[in-house]
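Data first, discussion second: the structure below is written as structure tokens.
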Amino acid sequence: MEETRYWVGFTLVKGIGAVRTQALLTYFGSLKAAWGASPAQLLSAGLTPKLTERVLQVRANVSLEEYLQKIEEKGIRIYTWEDPAYPARLKEIDQPPPVLYLRGDFHPEDAWAVAIVGTRAVSPYGRQAAEEVANMLALNGVTVVSGLARGVDAIAHQAAIKAGGRSLAVLGSGVDKIYPPEHRALAERLSEQGAVLSDYAPGTPPDSANFPPRNRIISGLSLATIVIEAGETSGALITAQFAADQGRDVFALPGSIYAPQSKGPNRLIANGARPLLTPQDVLEALNLTRNVQQRQIRQVIPGNLTEAALLNLLSAQPVHIDELRANLNLPIEEVSATLTMMELKGMVRQLGGMQYIALGEPQTNYQTG
């Protein structure tokens with residue numbers, strides 16, 4: 001938490017994002033050192049005079065200790081690039097957010113996620129498609145990601161939760177400033193059965209300028225993005241463009257050439273997006289059906305007794321290999337070799353420093369672009 005406060009501090013400085021955060025880390029070695037730097041040092045690190053002045057203002061006016069205490073009292077978690085639980089798929093994109101604020105929790109199985117986005121003015125056809133696709137994904141252990149907006153977003157979140165699955169909502173405001181306000185109850189359910197997250201600091205109000213940038217997080221968390229319905233200038237098309245730029249698959253629901261809300265998806269299909277003809281299309285295209293089956297088999301049939309014993313000791317919380325060895329009373333070589341094999345199978349993941357977690361879903365190297 002000591003270092004985290006300085007990551008949070010820099011998120012309060014308007015104009016400091018991923019690029020400048022990386023520049024500060026490279027120059028100072030840590031954000032703690034950057035936070036305590038002199039104006040001359042900040043300028044030498046590449047900050048403009050205006051940004052340097054903003055840093056000094058925040059530093060003078062904000063008690064990071066008190067700010068973090070308020071965040072903790074609201075039940076908000078903080079994840080930085082340096083945290084093992086920071087979503088690995090999101091970290092792969094260009095300029096991932098340095099800090100994520102979250103109500104709820106990330107689970108290992110959220111590595112298997114698909115975004116469903118679309119218009120607020122959804123038609124009955126679009127509603128049915130969003131519900132069926134979200135339901136199908138949730139039933140197959142795939143996390144549904146969206147933006148908590150009216151229309152398609154809310155429908156997708158609700159269908160995933162109703163099916164007993166997980167869903168992540170990415171906001172264009174602080175996670176304590178739910179927008180639209182009528183979705184506060186839905187946000188509470190998501191925090192219990194998934195997460196509500198944002199790269200905007202708590203207290204940040206919703207603003208139209210915040211929503212397009214947050215769309216890169218929706219697509220960045222996901223293996224693929226599905227556009228249900230969208231006008232030709234819809235924010236859902238921005239999410240689709242981010243997904244394509246990130247090398248992720250884009251699916252679009254075909255619709256009538258006369259329907260305004262189908263102009264966006266139809267245009268995406270014309271430009272190379274995959275047409276969504278049945279809910280099963282997504283599972284088959286991403287090979288998710290086979291992987292879900294493999295996960296279920298591995299859960300009941302570990303490869304050997306050592307694998308079974310390790311699975312009983314592992315969870316979503318990191319455990320050091322020395323602790324595993326001590327609990328099993330086995331040679332470190334056997335424990336290490338077994339963990340390596342389990343990692344190849346997608347049963348566990350090493351988070352660095354010989355810390356391991358169990359995976360609810362297998363890992364993949366599929367090319368989805």
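We did not get these values from a lab; they are worked out from the coordinates using the rules stated. Computed from a prediction, not measured in an experiment: that's the story for all the values here. As a convention, Cβ positions derive from the backbone with ideal geometry for all residues, glycine included, and neighbour counts pool all protein chains shown.
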Requested in this report: Evaluate E = 1/(1 + (r/R0)^6) for GLU188 and ALA337, where r is the Cβ-Cβ distance and R0 equals 45 Å; express this FRET efficiency to the nearest 0.05.
Outcome: 0.50
Query raised in the report: If the cut-off is a Cα-Cα distance under 17 Å, which lysines reach LYS162, setting aside same-chain residues fewer than 8 apart in sequence?
Result: none
Report task. Considering the options ILE228, LEU31, ALA201, tell which one lies farthest towards the positive end of the dipole of the chain, charges being +1 on Lys and Arg and -1 on Asp and Glu at the Cβ, about the Cα centre. Result -> ILE228
Query raised in the report: Which percent, nearest 5, of DSSP beta bridges in the chain are antiparallel?
Result: 40 percent
Report summary line: Answer in debye to the nearest 20: the dipole magnitude of the chain about its Cα centre, from +1 Lys/Arg and -1 Asp/Glu charges placed on Cβ, is 840 debye
Query raised in the report: Got the relative contact order for region 4-73 handy, in percent, Cα pairs under 8 Å and 6 or more residues apart?
Result: 40 percent
Query - Only Lys, Arg (+1) and Asp, Glu (-1) charged, at Cβ; region 4-73 dipole about Cα centre in debye - result: 260 debye
Query - Normalised contact order of region 108-286, rounded percent, pairs of Cα under 8 Å and 6 or more residues apart - result: 22 percent
**Report entry** Compactness relative to 2.2 N^0.38 Å, alpha carbon Rg of region 79-165
**Finding:** 1.18
Query raised in the report: Which residues' amide hydrogens lie under 5 Å from the amide hydrogen of GLU229, considering only partners 5 or more residues apart or on another chain, with H built in the peptide plane?
Result: THR119
Report summary line: Counting sequence-distant residues (5 or more places) and residues on other chains, those with an amide H built under 5 Å from that of VAL145 are VAL114, ALA115, ILE116, LEU168
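Efficiency by 1/(1 + (r/R0)^6): what FRET value for ASN329 and THR26, r their Cβ-Cβ distance, R0 = 56 Å, to the nearest 0.05?
0.80
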Query - For region 94-105, 3J(HN,Hα) per residue [Karplus equation, 6.51 cos²θ - 1.76 cosθ + 1.60, θ = phi - 60°, Hz, x = Gly/Pro] - result: 5, 6, x, x, x, 10, 10, 9, 9, 10, x, 7
Query raised in the report: Roughly how compact is region 108-286, stated as its Cα Rg over 2.2 N^0.38 Å to two decimals?
Result: 0.92
Query raised in the report: Applying 1/(1 + (r/R0)^6) with R0 = 45 Å to the Cβ-Cβ distance of GLN128 and ASP94, what FRET efficiency is obtained, to the nearest 0.05?
Result: 0.80
Query raised in the report: Hey, how many Å between the Cα centroid of region 117-164 and the Cα centroid of region 168-230?
Result: 14 Å
Query raised in the report: Residues in region 131-160 near a label at GLN241, defined as backbone nitrogen under 19 Å from the 7 Å Cα→Cβ point?
Result: 147
Requested in this report: Take the Cα coordinates of the chain, assign each an equal point scatterer, and use the Debye formula without solvent to give log10 I(q)/I(0) at q = 0.11 Å⁻¹.
Outcome: -0.81
Report task. Find, to one decimal place in angstroms, the Kirkwood hydrodynamic radius of region 4-73, where the mean of 1/r is taken over every pair of different Cα atoms and then inverted. Result -> 12.1 Å
Report task. Under 16 Å from a label point 7 Å along Cα→Cβ of ALA33: give me every residue in region 68-92 with its amide N that close. Result -> none
Requested in this report: Output the pairs from LYS14/LYS74; LYS50/LYS177; LYS14/LYS263; LYS74/LYS263 with a Cα-Cα distance over 31 Å in this structure; if there are none, say none.
Outcome: LYS14/LYS263; LYS74/LYS263
Query - the chain, relative contact order in percent, only Cα pairs under 8 angstrom and at least six apart counted - result: 14 percent
Report summary line: When the chain is treated as a Gaussian network with springs between alpha carbons less than 10 Å apart, the largest mean-square fluctuation among GLU132, GLU188, GLU66 is found at GLU66
**Report entry** Residue among SER191, PHE211, SER123 farthest towards the positive dipole end of region 108-286, charges placed on Cβ
**Finding:** SER123
